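Here's the structure we're looking at; comments come further down.
Read-outs: derived from the displayed coordinates by stated rules, not from any lab. What you see is a predicted model; the values in this text were computed from it and never measured. Here Cβ is always computed from backbone atoms with ideal geometry, including for glycine, and neighbour counts include all displayed protein chains.
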């Protein structure tokens, strides 16, 4: 009897699992943590009186959101001791998938700067279209307070959205040109691709060399790339693939230390305004 009930519970839960993981990833910035949270939600689903649940998806969304909020309280303390710049785990999207503006890397970083409650209210309302009454029940606040949380979050997030979205193919062409110029040491070509206020953000997690702070401005970025060109001359990068990484054009490489690396480019008006480099091996385990 128990096995039958568990199978029935899984039959309801499993079709919702990908959506719940995607929601949790938006909250947490880590696929592994999102999968753990959703698995915890499944165990709670098994222990729930499911006959009393009228809308399983809404119920499970609330469970996942609360688990994410609990996780963020502890994760925020971990982030405060994180070595260097923190970036969300990169997701390399299938070639036939269009840009999902709700999970672009700039948006994920904007969400990271919000409080956990602001993040939850914004995602549930603006991304998933949930009414404030349900959000209030989920996060334990009044609907009016949730409306204010979402409004504050929206103001901060708005600046992270691209003003001039770049077509996918054009973005990938810029990524190819950037790879060629940076790896071949063609500083003139590289300079032509970069905006004056360009910045580099690199995440090594304290496990691989990476700039401890963002490198901001064309002068410092070009200086950094002159140094990198000397390194690439001794140990060339192996190109594995081009594609969208967290919604941005970029590429996956294997570097001279035989470790994977992702590079994604934020492009505005045809110029690269931000370069995001993931070198932390813990966040690259799902990259193939």
Taking the Cα atoms only, what angle lies between the long axis of helix 17-28 and the longest principal axis of the chain, rounded to 10 degrees? 60
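Starting from the alpha-carbon convex hull of segment 163-203, give the projected area averaged over all orientations, in nm². Write down the numbers at each step before the final one.
Numbers: hull surface 15.2 nm².
Averaged projected hull area, Cα only: 3.8 nm².
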Sorted peptide list for 106-112, 119-125, criterion being average Cβ within 10 angstrom, highest first: 119-125, 106-112
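For the ranges 40-51, 244-255, what's the packing order if you count other beta-carbon atoms within 10 Å of each residue, average per peptide, and put the highest first?
Numbers: 40-51: 14.2, 244-255: 22.7.
By packing density, highest mean first, the sequence is 244-255, 40-51.
Grab the DSSP H runs of the chain that are 4 residues or longer, score each as -39,500 (n - 2.57), total them, divide by all residues and round the 222 nm result to the nearest 500 deg cm²/dmol. Walk me through the numbers before you get to the answer.
Working: 11 runs with 145 residues, N = 288.
Mean residue ellipticity at 222 nm (helix-derived): -16000 deg cm²/dmol.
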Isotropic mean projected area of the C-alpha convex hull, segment 183-283 (nm²): 6.2
Relative contact order for the chain, counting Cα pairs under 8 Å that sit 6 or more residues apart, in percent: 19
On the first, second and third principal axes, largest extent first, how far apart are the outermost C-alpha atoms of segment 54-95 in Å? 46, 36, 6
How big is the convex hull of the Cα atoms of segment 180-231, per residue, in Å³? 76
By counting other Cβ atoms within 10 Å of each Cβ, how are 170, 225, 288 ranked from fewest to most? 288, 170, 225
Volume per residue of the C-alpha convex hull in segment 1-73, rounded to whole Å³: 79
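Given the alpha-carbon gyration tensor of segment 105-161, what are the semi-axes of its equivalent ellipsoid in whole angstrom, ordered largest first, with each equal to the square root of 5 times an eigenvalue?
On the way: eigenvalues 74, 20, 17 Å².
Semi-axes from the Cα gyration tensor: 19, 10, 9 Å.
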Taking the number of other C-beta atoms within 10 Å as the exposure measure, put 234, 73, 207 in order starting with the fewest. 234, 73, 207
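For segment 103-205, what does the alpha-carbon gyration tensor say about shape, rounded, prolate or oblate, given a ≥ b ≥ c as the root eigenvalues, a/c under 1.5 as rounded, and a/b over b/c as prolate?
Values: a/c = 3.50, a/b = 2.88, b/c = 1.22.
It is prolate, given that a/c is not under 1.5 and a/b is the larger ratio.
For a test of the definition: using alpha carbon positions, the gyration tensor, and the 1.5 limit on a/c, classify the chain as rounded, prolate or oblate. Provide the component values of the computation, followed by the final result.
Details: a/c = 2.29, a/b = 1.85, b/c = 1.23.
Here the chain falls in the prolate category.
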